[in-house]
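To start, the structure itself, in structure tokens.
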There are 2 protein chains.
Amino acid sequence: MNTLAQLKKYSAELVDLHHTLALMQWDQEVRMPRRAAEGRAGQFATLSGLVHRREVAPELGALLIQAEAQKESLSVEDRALVRVMRRSYDQNTRLPEEFVAEFSRLTSQAQMAWLEAREQSDFAIFQPLLERLVVMARQQAEYLGYAAHPYDALLDLYEEGLTTAQVESMFVELQAPLVAMVKRFAGRLATLSFAEPFALAGQEQFAQHLLVAMGFDFSRGCLARSAHPFTTTLGHHDRRITNRYAAKSLDFIFGALHEGGHALYEQGIAESLANSHLDDGVSLGIHESQSRFWENVVGRGRPFWQRFFPELQQAFPAQFAHTELDVFVRGINAVTPGLIRVDADELTYNLHVLIRFEIEKGLIEGSLEVGALPRVWRDKYRQYLGVEVESDADGVLQDIHWAHGSFGYFPTYTIGNLAAAQIWEAYKKYDPGFNQTLASGDLAKVKGWLAKEIHSHGSVYLPQELLVRVTGAPLSAKPFLAYLEEKFGTLAG
Amino acid sequence: MNTLAQLKKYSAELVDLHHTLALMQWDQEVRMPRRAAEGRAGQFATLSGLVHRREVAPELGALLIQAEAQKESLSVEDRALVRVMRRSYDQNTRLPEEFVAEFSRLTSQAQMAWLEAREQSDFAIFQPLLERLVVMARQQAEYLGYAAHPYDALLDLYEEGLTTAQVESMFVELQAPLVAMVKRFAGRLATLSFAEPFALAGQEQFAQHLLVAMGFDFSRGCLARSAHPFTTTLGHHDRRITNRYAAKSLDFIFGALHEGGHALYEQGIAESLANSHLDDGVSLGIHESQSRFWENVVGRGRPFWQRFFPELQQAFPAQFAHTELDVFVRGINAVTPGLIRVDADELTYNLHVLIRFEIEKGLIEGSLEVGALPRVWRDKYRQYLGVEVESDADGVLQDIHWAHGSFGYFPTYTIGNLAAAQIWEAYKKYDPGFNQTLASGDLAKVKGWLAKEIHSHGSVYLPQELLVRVTGAPLSAKPFLAYLEEKFGTLAG
């Protein structure tokens, strides 16, 4: 077998094992009985250990060196495979096994401490763990290496090539216009509230209906319930979604559209990339661009609801029989500066991310102490969003990311929002009748374009490279700001 | 780490990985989207391959030799662990890797051929595959080794220590009395039939209710739907059941009791055996004794339904509001010689097994040609059950076992039936008020005794040894025949 064939075989085996690990996590969230948790953690550790040994094997390192020597003669896809596997190999081998094990132990403890701290709304319970996590994250950055700023190394884990400087200039562009727009539009669109609960079975049925309309292929995926919605891949033809259903919330709709966006990306990856490291979305930012595209750009737009609101009314007459379309559309776009990121509207959302970015950068470069976080958090929420943080639970303890040891993850949410708007501009050039397309429910046209331009490529192109191919330009805040200006200007009349 | 600690660690890792493989199969039956099948097969093969390499590693062989040298100083449980791991190691290492791979390929093909053959009711489609399977099964017996008869080696795979001679003498005891009883009781008990379908949700709810009543612990297991009911173990605290729901059948009840019996066995294994090769039912025969105990001995008895029939009537008034308890109990015990094993009543069931045993023995020892099977099948069904086989689909093609490459499995069903009756005799000595116990719904008392006497021991004792411990005697057909005689004599008045 030649080098490339060997590498592909190696890749296929690792991908199979990662999909098996993903199945274990899926089952844990969706079906596993309560008392099985500890045993499952042990099983997961056993298989992860086996996988890790395969991932850092000198045999793989040698194969990569051989493949890299033949780089010039390889196809675009094969060259990308070598690149992606090299990146993963380097990430895995640069971290000493001892370090990985300790980090894993620490994050387990940190998650428990975080849960308790949040329950008691007391940051002091989480603080000593977070201090140790920050020390380890800095150490991680040193192991991984970086050119300009230690935080670069962590950003790169989630968004290949992303730098602190880029994130800073992105937020410089965003901050002032967003703060100004929030001031203009806050409270101008009336929120929706419901006296009657939505029947759970009806919610699930409607979510399923929207997923079918988007083009989610149920022969290659399924929809289940879990405490927190997520999308996961268990195989090339096995991309699964979960959603959740509360009594008086529209989250079932936007959860389905959001996870559906992620899942369409995964389902759209070319068959030729199956069973390889390329059979995956290219980065968290690009992935989020797809979920936000469907959740916000499409799913909070008037044209989409021209088509689907009558069906929503029919499904839930107690809530919507007497609601007008425009009231509904304004309601699902109401701008309300608040404390909680995951409940934020499109205007305020990125200000929540900005706050987390500034804090993470400070922690990693050492200009900010963990102990100062509750105060800094309150100050920044007052400054950027004009809201008063009353408790740690609704403040600095609201996100689980740091307890997971994830620093550098948050900015990918904003990248997703920006990229979604930039991709939407490109789509509008391709389909000038876009409003009619959505109003007629021809979502297949939208999905088809996304699949061809973005999804099918899997991880073949670098994230920033892919965006230039699709939109003709690198990531910019302008399309996003223009999109918000037009949308909210129109909605507010 | 001393030898035993190393062996336990090795055992725990293998058990973790086997539970992961079991999760893959569970998901495949319960949730996996249709088009994911091929990918899942690949994932399964990848992980199986890794597991197999761990299972035949010389390192394990060396550990076992060291542990065996210390045998005298070990506790009963530790000695059993060494024995069970030795047995598994020998089974795994005696079969050449080439052979295993070819056997696995052949059974994949055979299953597809069997499906098609059954659909077209044409044995000729399956025959060439079955011929090759028989050749390989004989080869397998040679690799595994045996003392008296090649079929012994295959029986031993499912029931440690079971021999052809034992199975033969078991059927000699059974055959004449069973044939005689079938003649006496066939058609004497009126069957039940239903004009109205059972609502599916109601069936599932009632099945769940019975499982709770039996003592199935839903914090350590769950109930799902699948095409064929089964029980599986995904962890010490994760024992799962599936059931199926047809419109006009009582299978939902007896499926739940049957699988519930298997699951109670698994859930009852002592915590001290967790994460080891001993954390498992000891053999297929003993396992089946537990499922048959609940399905037949308890679940088709009048006392059980004294307690539960009023609830069944309440759950399904359209079917049962005007049915009397005794009519119901006779109906669920109706004796009807038929063509299909899985639909058979308690009297005819073992005659179906006898036919398969005689055929398997003939195939493996070479006294019977595969090509003769349809004719032999017809002859034996006429002779033992007095029924005419009209088609291969309802005849020689009805079971999937041979397509799986499983020869020697069927006799464990009869062992289960016999052992269930023998265990019931022992229970009655422990609880002379057994009828009142069941009629009052005190199933916890029954479950508690089974757990203490059987379940808790996992695989510590050999199957035949366990039976002697519980019942004071080796496996015998007498308790079963006495149980049938009394039950059907009473029912038929």
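Remarks
- Shortest-first distances to equivalent copies, position B:Lys183, nm, label 7 Å out along Cβ: 10.3
- Compared with the direct C-alpha span, the chain from B:Leu95 to B:Ala199 gains 32.5 nm at full extension, assuming 0.36 nm per residue.
- Sorted into 10 angstrom bins from 0, the C-alpha pair distances of the range A:333-469 split as 10, 32, 27, 20, 11, 1 percent.
- Charges were assigned to the Cβ only: +1 to each Lys and Arg, -1 to each Asp and Glu. The resulting dipole of the range B:226-308 about its Cα centre is roughly 540 debye.
- For A:Ala224, residues with placed amide H under 5 Å, excluding near neighbours: A:Ile241, A:Thr242, A:Asn243
- Within chain A, helices built from complete DSSP H runs that reach 24 Å or longer along their own axis (Cα positions) and carry a mean Kyte-Doolittle hydropathy of -0.5 or higher are A:3-30, A:123-144, A:164-185, A:349-365, A:411-430.
- Förster-model FRET efficiency, 30 Å R0, A:Gln383 and A:Lys248, C-beta, rounded to 0.05: 0.40
- Charge-dipole axis of chain A as Lys and Arg at +1 and Asp and Glu at -1 on Cβ define it, positive-most pick from A:Gly405, A:Val389, A:Phe194: A:Phe194
- Comment: the Cα-to-Cβ extended label point of B:Leu95, at 7 Å, lies 3.8 nm from its counterparts in the other copies, nearest first.
- Residues B:Leu155, B:Leu373, sorted so that the one with the fewest Cβ neighbours within 10 Å comes first: B:Leu373, B:Leu155
- Here's how it looks for B:Ala334: its modeled amide H is under 5 Å from none belonging to a residue 5 or more places away or on a different chain.
- Alpha-carbon gyration tensor eigenvalues x 5, square-rooted, for the range A:122-272, Å: 34, 25, 19
- What the phi angles of the range B:317-322 give under the Karplus curve with 6.51, -1.76 and 1.60, with θ = phi - 60°, is a coupling list of x, 4, 8, 10, 3, 10 Hz, glycine and proline written as x.
- Whole-number D in µm²/s for chain B (Stokes-Einstein; Kirkwood sum over Cα pairs; 10 °C, 1.306 mPa s): 67
- With bins 10 Å wide beginning at 0, the percent of Cα pairs of the range B:3-143 falling in each bin runs 10, 29, 31, 21, 8, 2.
- Distances, shortest first, from the label point of A:Ala492 to those at the same position in the other copies read 8.9 nm; the point lies 7 Å along Cα to C-beta.
- Approximate spin-label separation A:Gln175-B:Ala482, in nm, with each point projected 7 Å along Cα-to-Cβ: 8.9
- Residues with amide H under 5 Å from that of A:Ser249, placed H, sequence gap 5 or more: A:Phe198
- Counting neighbouring beta carbons within 10 Å and listing from fewest to most, the residues B:Arg40, B:Arg53, B:Arg302 come out as B:Arg53, B:Arg302, B:Arg40.
- Volume per residue for the range A:243-384 equals 160 cubic angstrom (convex hull of Cα atoms).
- For chain B, the 222 nm mean residue ellipticity estimated from helices alone, with every DSSP H stretch of n ≥ 4 adding -39500 (n - 2.57) and the total spread over all residues, rounds to -20000 deg cm²/dmol.
- Each Lys and Arg adds +1 at its Cβ and each Asp and Glu adds -1 at its Cβ; summed about the Cα centre, the protein assembly as shown shows a dipole of about 1120 debye.
- Using the Cβ-Cβ distance between B:Gln6 and A:Asp431 with R0 set to 56 Å, the FRET efficiency from 1/(1 + (r/R0)^6) comes to roughly 0.30.
- Neighbour-count ranking [beta-carbon atoms within 10 angstrom, fewest first] of B:Val468, A:Val297, A:Val76: A:Val76, B:Val468, A:Val297
- Taking every Cα-Cα distance in the range A:1-81 and sorting them into 10 Å bins starting at zero, the pair-distance distribution P(r) comes out as 16, 37, 24, 16, 7, 0 percent.
- Intensity falloff of the protein assembly as shown expressed as log10 I(q)/I(0), Debye formula with alpha-carbon point scatterers, at q = 0.04, 0.07, 0.08 Å⁻¹: -0.24, -0.73, -0.93
- Charge dipole (Cα centre; +1 on Lys/Arg Cβ, -1 on Asp/Glu Cβ; no other charges) of chain A amounts to roughly 720 debye.
No value in this document is a laboratory result; all are computed from the given coordinates. Because the structure is a prediction, the values reported are computed rather than measured. Neighbour counts are summed over all protein chains in view; Cβ atoms, including those assigned to glycine, are modelled from backbone coordinates with ideal geometry.
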